[in-house]
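The values are calculated or read from the model by the stated rules, or taken from the named source; none is laboratory data. Just so it is clear, the model here is predicted, and its values are computed rather than measured. Neighbour counts run over all protein chains shown; Cβ positions are idealised from the backbone, glycine included. Just so you know, the surface numbers come from the protein's heavy atoms only, side chains and all, with ligands and any DNA or RNA stripped out. Shrake-Rupley method; radii C 1.70, N 1.55, O 1.52, S 1.80 Å.
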Amino acid sequence: MNVDINFLYGGAILAGTASALLYARKQRWVDAALALAAGASLATLLAAPTAPAGSAQPILLATAGTSPAAPDDRLAAALAHLPAARRDTPVEVQGQGLYDAQWRDMPVRPIQWKPAQDGLLWLDFPRSLPLGRSFALTVRRGAPQAGWRLQLLAENGQVLAESRAAAAADTLTVQWQPPLAESMVLQARLLDKDGKTAGQGPVPLRVLDAVPLQVQGRFGTPSFDARVLNQLLTDSNAIVDWQTTLGKSLMRNEEARAPLTHPNMLVADAAWLERGGLRGALAQVAQGLPLLVLGGNADDAALWQRETGLKLSAQSATTEQEDTRHLPFAGATLAFAPGAQMPMASGAWQPVARDKDGKPWLWQRDWQKGRILWLGVRDWHRHAISEPTALGQWWQQVIDFAALGSEQKLRWLDADPMPLPGLRTEICAQGVATGGAVTVGQEALHWQARSERADSACAALWPRAPGWLPVRSGQAESAVYVYAAQDWPAWQAALRHDATARYASRSAQPVAGAIEADPATRAAPRAGEPQPWATAVPRWMLGLAFALSMLLLWWRERR
């Protein structure tokens, strides 16, 4: 039974004081002093800690060689004891520590831990992506190594992509473009310089049907570049409203297959804008629609400086080779000729993308609610046959810079990098109402607000088995992959390493504050904790004083 320690030492003081007053009424001054000494020593003994301040025995969390998700008896006992330990009790961590979900359930305590990154592995990849986007998997090791390889394998074991470290490196990336919209569990394999497997595990991926991009295209003259861009957008299932001026009174229109309810961007060449379309385009930009200017055929530098503040510099024909931009994509290097007029970074106009030599090729400025981007290269149509994949990836990057995101009422978030059976994980989303219903598997949950995620809501769950776990909220559906306990042990160790480092950074501040803080602002001890004023005298001396006082009183009463 737990009894409030404040009640006990308060009672001891009260009993000692009352006894001393009774003896004093009889003018038995020695007995009164002995009663007061006995009460004071007993009260101080009850208030004193069981060990001198600052020397509490640490709680050992031996996580080396065992998984905190399925702890052994020794680790389980330590985890159960930690929440009830004194606030100044240090935690000694052996190994990489606990998972983030476990540390969050623990009170802040001083920590003794020597971090080490040997044998750790970090994986970074999107859990879902729209069809047509390239999937990129990045693996980082705790220490650089030479000659190691990273392979991405299909579910049948076929090698989809491979990357090799030519020199000593700690990071490798592989890219692959999924052909279909489906959920799949790929495999990633690490090979050392001798070709032996250094690690392998699942890589879950959900390829989703892409929301069609809505693009307005306006061109003052026909060109191969515009034709290739139109083909790339059409092949990606974009909804395109395309107009090309063929002559003074002749125009070719390509009507969109569906209404443009939420246009993502306006693409226009400089020639169309210079011939009267600029002011109308700027009015659309002011309302929030991004404008991508294809500046390869720009001619009127004064107009651009007057209307948008963009300073253009004419390119010399003799330096075209030196000014060529070289962009590496998908294993190829795309060489683009610069436009006839190239922007100069000044004022609101700043470069947002550069080639491998550091030369800018894309500039941007904000314009009221929207923004204007200037593409300063041309002749990309020359790569449409020789490097179609690289050209598509480059244009995808340009669109990512320029276009607005598609309207989505609900957006799923990747809250937990590696859900495991038996450990608490969270499902998070933006655009959901707190308290709304969400179904995970067969379990009905509700969205809850999180202080660290002000713009989203989450639902906590404890997965029971590995595999895909379907998630549904209203009409929106998703899925979360739960890893098996034996999957990616080096990645699990790295996640525990990072979580322990975050816990250590949190625990360092309260501990230092408790020692250095001003006494007037220092936090008061909680009920049941030792009082700071009771640590000056050792407990054995307090016990001896109480016993001697009581024995003397007994002897005097007997006499």
**Report entry** Sequence-distant residues sharing a close amide H with residue 170 (under 5 Å, placed H)
**Finding:** 145
Query raised in the report: How high is the FRET efficiency from residue 286 to residue 76, r the C-beta distance, R0 56 Å, rounded to 0.05?
Result: 0.35
Query - Rounded, prolate or oblate (a/c below 1.5 giving rounded, otherwise prolate when a/b exceeds b/c) for the stretch 239-299 by Cα gyration tensor - result: oblate
Query - Estimated inter-spin distance, residue 472 and residue 14, nm [label 7 Å along Cα→Cβ] - result: 6.2
Query raised in the report: Which of (1) 23.3, 74; (2) 35.2, 130; (3) 23.2, 78 is the computed Rg and Dmax of the Cα atoms in Å for the structure on display?
Result: (2)
Query - Cα-centre dipole for the stretch 129-210 with unit charges at Cβ (Lys and Arg positive, Asp and Glu negative), debye to 20 - result: 240
Requested in this report: Mind giving me the nanometre distance, one decimal, between the label points for residue 256 and residue 209, set 7 Å out from Cα along Cα→Cβ?
Outcome: 1.9
Report task. Would you please give the FRET efficiency between residue 128 and residue 321, computed as 1/(1 + (r/R0)^6) with r the Cβ-Cβ distance and R0 = 56 Å, to the nearest 0.05? Result -> 0.85
Query - Positive dipole terminus of the chain, leading residue within 19, 96, 296 (C-beta point charges) - result: 19
Query raised in the report: So what is Rg over Rh here for the stretch 94-196, counting just Cα atoms and using Kirkwood for Rh?
Result: 1.07
Report task. Kindly report the accessible area of the chain per residue (heavy atoms of protein chains, probe 1.4 Å, no ligands, DNA or RNA), in Å². Result -> 53
Requested in this report: Quick one: work out Rg over Rh on the C-alpha atoms of the stretch 148-240, Rh as Kirkwood radius.
Outcome: 1.17
Report task. Diagonalise the Cα gyration tensor of the stretch 69-140 and give the resulting equivalent ellipsoid semi-axes, square root of 5 times each eigenvalue, largest first, whole Å. Result -> 35, 15, 12
Query raised in the report: Where Rh is the Kirkwood radius over the Cα pairs of the stretch 64-104, the temperature 10 °C and the viscosity 1.306 mPa s, what D in µm²/s does Stokes-Einstein return?
Result: 144
**Report entry** Anisotropy class of the stretch 167-290 from Cα gyration tensor, a/c 1.5 cut
**Finding:** prolate
Query raised in the report: Can you list the HN-Hα couplings for the stretch 480-487, worked out from phi with the Karplus curve (6.51, -1.76, 1.60; θ = phi - 60°), rounded to whole Hz and with x for Gly and Pro?
Result: 10, 8, 9, 6, 7, 4, 8, 6
Report summary line: Per the 1/(1 + (r/R0)^6) rule, R0 = 60 Å and r from the Cβ atoms of residue 84 and residue 168, FRET efficiency to 0.05 is 0.80
Requested in this report: Grab the chain and count how many Lys pairs have their alpha-carbon atoms under 28 Å apart, sequence gap of 8 or more, or different chains.
Outcome: 4
Query raised in the report: Based on the alpha-carbon gyration tensor of the stretch 449-504 and its eigenvalue square roots a ≥ b ≥ c, which shape applies: rounded if a/c is under 1.5, prolate if not and a/b is larger than b/c, or oblate?
Result: oblate
Query raised in the report: Can you work out ³J(HN,Hα) from phi for every residue in the stretch 467-474, in order, using Karplus 6.51 cos²θ - 1.76 cosθ + 1.60 and θ = phi - 60°, giving whole Hz and x for Gly and Pro?
Result: x, 6, 10, x, 10, 9, 9, x
Report summary line: Dipole check, the chain, charges on Cβ (K,R +1; D,E -1), about Cα centroid: among 314, 146, 484 the Cα furthest to the positive pole belongs to 484
Report task. Using amide H atoms built 1.01 Å from N in the peptide plane, name the residues 5+ places from residue 59, or on other chains, whose amide H lies under 5 Å from its own. Result -> 91, 92
Query raised in the report: Treating the beta-carbon of each Lys and Arg as +1 and of each Asp and Glu as -1, no other charges, what is the dipole magnitude of the stretch 73-150 about its Cα centre, to the nearest 20 debye?
Result: 220
**Report entry** Label point at residue 303 placed 7 Å out along Cα→Cβ; residues across the stretch 320-354 whose backbone nitrogen lies under 19 Å
**Finding:** 339-344
Report task. Whenever you get a sec, compute what percent of the accessible area on the stretch 353-464 sits on carbon and sulfur atoms (1.4 Å probe). Result -> 46
**Report entry** Value of [θ]222 nm, deg cm²/dmol, for the chain, DSSP H segments ≥ 4, -39500 (n - 2.57) each, nearest 500
**Finding:** -8500 deg cm²/dmol
Query - Degrees, to the nearest 10: 539-558 long Cα axis against longest axis of the chain - result: 20
Query - Convex hull (Cα only) mean projected area of the stretch 216-354, reported in nm² to one decimal - result: 10.0
Query - Charged-residue dipole, Cβ positions (Lys, Arg, Asp, Glu), the chain about Cα centre, Debye nearest 20 - result: 1880
Report summary line: Spelling it out for residue 199: with amide H atoms placed in the peptide plane at 1.01 Å from N, the residues 5 or more places away or on another chain with amide H under 5 Å from its amide H are 190
Query raised in the report: P(r) of the stretch 295-393 in 5 Å steps, Cα pairs, percent per bin?
Result: 2, 13, 22, 23, 18, 13, 7, 2, 0
**Report entry** Accessible surface of the stretch 248-342, 1.4 Å probe, proportion on carbon and sulfur as whole %
**Finding:** 49
Query - Ellipsoid equivalent to the stretch 366-486 - semi-axes via the Cα gyration tensor, in Å - result: 38, 21, 12
Report task. Report the label-to-label distance for residue 501 and residue 114 in nanometres (one decimal), using points 7 Å from each Cα along the Cα→Cβ vector. Result -> 1.8
Query - Share of carbon and sulfur in the accessible heavy-atom surface of the stretch 48-157 [1.4 Å probe, %] - result: 51
